[in-house]
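> Quick one: the structure is below, questions incoming.
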Amino acid sequence: MRIGELARRSGCEVETIRYYEREGMLPRPARSEGNYRQYGEKDAERLLFIRHCRSLGMSLEDIRTLQRFQAEPELACDDIDALLDRQLQQTRAQIASLQRLQEQLEVLRKTCGAHLSARQCGILQNLQSAATSNDCVCHGEAQGQP
């Protein structure tokens, strides 16, 4: 199959497929007489594996590690377990960060509850205050400060 068909089957952009090739995530494909890239089912499986790992937030380096284990299935999976544990830890940190962001936005939103002019808008005033290196309500209260 050509790159366009691989892209359609995988839901992946053509440029992304080329990127994965440049990065060594996908092997360089064979070429037809007309110099078109030619892919097989193994290439499609490999690309779908990469896409699934990426959907789980894994880095290219982590995926390379997993690909090494695919190539050597007799190896112990301790490093795979550790990789996933790191991914879980990063995900928990991202969730905590997003929760802090949500709290900050909620505090900021509460500074303007009426239909006012932009000049009187508490949200805009707080954002401008932060831009001029002053305290803003969203960072002070969200971090436990008065």
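Laboratory data are not the source of any read-out in this text; all were calculated from the coordinates shown. What you are looking at is a predicted structure, and each value in this text was computed from that prediction instead of being measured. Cβ placement follows ideal geometry from the backbone for every residue including glycine, while neighbour counts extend to all protein chains displayed.
> Quote to one decimal, in nm, the extra length available between Glu45 and Arg100 on full extension: 0.36 nm per residue of separation minus the C-alpha distance between them.
15.9 nm
> Pick out, from Ser32, Gly113, Phe49, the residue whose Cα sits farthest towards the positive end of the charge dipole of the chain, with +1 on the Cβ of Lys and Arg and -1 on the Cβ of Asp and Glu.
Gly113
> The chain: longest stretch without exposed GluC sites (Glu not before Pro) (DSSP loop, at most 15 other Cβ within 10 Å), sites themselves excluded?
75-146
> Magnitude of the Cβ-charge dipole of the chain, K/R +1 and D/E -1, about the Cα centre, nearest 20 debye?
With only Lys, Arg, Asp and Glu charged at Cβ, the dipole is about 640 debye.
> Which one, [x] 0.97; [y] 1.23; [z] 0.93, gives Rg/Rh (Cα atoms, Kirkwood Rh) as derived from the coordinates shown?
Computed from the coordinates, Rg/Rh (Cα atoms, Kirkwood Rh) corresponds to [y].
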